[in-house]
1. Once both labels are modelled 7 Å past Cα along the beta-carbon direction, what's the A:Lys58-B:Glu160 spacing in nm?
2. My understanding is that a pair violates if its Cα-Cα distance is over 19 Å; which of B:Lys4/B:Lys270; A:Lys20/A:Lys326; B:Lys231/B:Lys255; B:Lys4/B:Lys268 do that in this structure?
3. Divide by every residue of chain B the summed helix terms, -39500 (n - 2.57) for each DSSP H run of at least 4, and state the resulting mean residue ellipticity at 222 nm, rounded to the nearest 500 deg cm²/dmol.
4. Over the alpha carbons of region A:1-134, what is the largest minus smallest coordinate on each principal axis, giving the biggest first in Å?
5. From the backbone phi of region A:176-187, what are the Karplus-calculated ³J(HN,Hα) couplings (6.51 cos²θ - 1.76 cosθ + 1.60, θ = phi - 60°) in whole Hz, Gly and Pro given as x?
6. So what does the Cα-only Debye profile of region A:59-217 read at q = 0.09, 0.10, 0.14, 0.16 Å⁻¹, as log10 I(q)/I(0), no solvent term?
7. What nm distances, shortest first, do you get from the label point of B:Asp182 to those in the other copies when the point sits 7 angstrom along Cα to Cβ?
8. Out of the GluC sites (Glu not before Pro) in region A:99-177, which ones are loop residues according to DSSP with at most 11 other C-beta atoms within 10 Å?
2 protein chains.
Amino acid sequence: MARKHNFYAGPAVLPVSVVKKAQESLFEYGTCGIGIAEMSHRSKEFDAILEGAVAAVKRLYNVSDDYGVAFVQGGASMVMAINALNFVPEGGRAQFVDTGTWARRAIGEVARKASADVVWSGKDVAYAELPELSSLSFDADVSFVHMTSNNTIAGTQFREFPRTEAPLFVDMSSDFFSHPVDMNQFGMVYGGIQKNLGPAGSALVIVRKDLLERIPQGLSEMLDMGVYVKKNSIYNTPAAFTIYMTSLVLDWLEKDIGGLENMDRINKEKAGLLYDCFDASGGFYRATVKNPAHRSLMNVTFRLAQEPLEATLIAEATAAGFIGLKGHRSVGGLRASIYNSCPTESVREFVTFLNDFAKKNG
Amino acid sequence: MARKHNFYAGPAVLPVSVVKKAQESLFEYGTCGIGIAEMSHRSKEFDAILEGAVAAVKRLYNVSDDYGVAFVQGGASMVMAINALNFVPEGGRAQFVDTGTWARRAIGEVARKASADVVWSGKDVAYAELPELSSLSFDADVSFVHMTSNNTIAGTQFREFPRTEAPLFVDMSSDFFSHPVDMNQFGMVYGGIQKNLGPAGSALVIVRKDLLERIPQGLSEMLDMGVYVKKNSIYNTPAAFTIYMTSLVLDWLEKDIGGLENMDRINKEKAGLLYDCFDASGGFYRATVKNPAHRSLMNVTFRLAQEPLEATLIAEATAAGFIGLKGHRSVGGLRASIYNSCPTESVREFVTFLNDFAKKNG
């Protein structure tokens, strides 16, 4: 078979070399005689996998020892729930930049117990724009300031972040490890791993350790970020296979790609191919995000001038082996998710398809 | 290579046929052109997997429509945390049978907010005994009564359960789907899936739907069992690969094994081989659980009369391809975990090894 061109928004395409290695390890990990999914999470083999993954995270982002790294089952949504319990006192206050659905989920977690101040919202512009960072102003005395770096549904992306006095928490689910970022500016970054890092089933958290001291007593260990960090993600049985695949993807990022600067260069090239195609289509295609500085390099959302043709395009693309192109059910339209692991070749072939489709229907 | 005989307590051995099918699907699921770990959890393919798994759960245990089925990331530990938040009011009361480490984890979750009454505890007998069911008495007005059906560390197992007026919640992590049980007697059964059902990364919950109405308002959706059930486990991105492997194991249970009665017969045979070996060893081996009615068919815990020989046995067994035999770090000794997927042949060969070892060292 030929693997199709996978543009799903997550769970998403993984590097073929990683998939092949995981296939082997599923039957036997290394030479240990059992499969990776059948192994104690307290075995020396799994210890090495987990330690290796954490070390790779730290190397790739150049994370200082002031930060802890943990895997949390339940994805970014569970981290949002835990953050509200851990870091915002009853009746306290956190501040948010509302850039869409996932930002609103984080807001919702805080709003049930405290004041969730929205400093800026893109709601009135259908989340197709981002604020200028210099226009944002945050208070120093809030529990945290929260942003969503990449907005999977709306197709916008912050590549830089404002200076904040309060700890800055960023949900990086959909652009984690896609370009270099200075981690020292954050209180926490976190993300579900099912877009850029592995299969679904975990979030990865990078958190400034001193913040863990703010967590109140009396919470379940399962809802205490301090426990995840201090117990190295194995207070309870971790999502071991998921962490293993993440370790392979991190290894691929370091060795095959050569780190986040190279990854960024490749991601810019891939996104550029698509946005250039739209911009050159004489209005046949239109990026839903007008301002090039706000456009996501991960989720390229677009519409056709002739909207009824969108269903035709999806059907023909699917038949031609380009799948996962339907926009999120809440907004419609089209979306090509081109995360780290999406090969440049898939994007090139898709652009050819788009150009042919425009010629045929334009 | 030859796969080793895997006696790990969990994550644990999986059926070889399941592992092989998962290997294939990791590269391409069916003929859909992408791997199972790279697929949207809202695709029609994953829908069918999830629905199929839930239907198989219901068929295998003959679950009535009064019950809902859900997958919850974070394993049994997260379910314990959620149960305390969902079903026990602040200052309320639940009752427990304390049969060891995992029972105590469930107790701890309730104890931080309410009265966690221990009706019986095996602490004074190092958890090597169980109470007679007829001796247990529970109150009708508690939020729930909680038991742990199989105690992985102590090697004990309840195969039957007391009648309770309050809803009976049972943690079945380590003997889930190992023998037929009448589900109608329970308010909830739950278990981490990494022993009898799949790789680590989820719990499976079977809960009486009317109990979900007792869940208080104002909780995070991620901590509300009602949301997991009503949203069919996909309020947030589920642990898709883990659920897929579970669906394969359930299929294996139904089609290859032929259901829970057959599974039970096989499990009794496997455990019998080991306990008979100990009982016939003239005291060289000793099951840590004296009463045959209390002995686990899943985790066979044992000691040597000559305790210093235990390390030798583990080393020689490991060299001979029998792995995962070390007792839990909290109790020492030896443990052969022989869950559903552990082949009878592995147990037979291990018994031969044990008999040879006894002959050599007796």
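Read-outs: derived from the displayed coordinates by stated rules, not from any lab. None of the values given here were measured: they were computed from a predicted structure. Backbone-built Cβ (ideal geometry, glycine too); neighbour counts: all protein chains shown.
1. Label-label distance for A:Lys58 and B:Glu160, simple model: 5.5 nm.
2. A:Lys20/A:Lys326; B:Lys231/B:Lys255; B:Lys4/B:Lys268
3. Theoretical 222 nm ellipticity from helices: -10500 deg cm²/dmol.
4. The Cα atoms of region A:1-134 stretch 55, 39, 28 Å along their principal axes.
5. In residue order, the calculated couplings are 4, 6, 9, 7, x, 9, 6, 5, 5, 7, 10, x Hz.
6. Cα-only, vacuum Debye calculation for region A:59-217: -0.25, -0.31, -0.64, -0.87.
7. Result for B:Asp182, in nm, nearest copy first: 6.8.
8. Taking region A:99-177 and a limit of 11 other Cβ atoms within 10 Å, the loop GluC sites (Glu not before Pro) found are A:Glu132, A:Glu160, A:Glu165.
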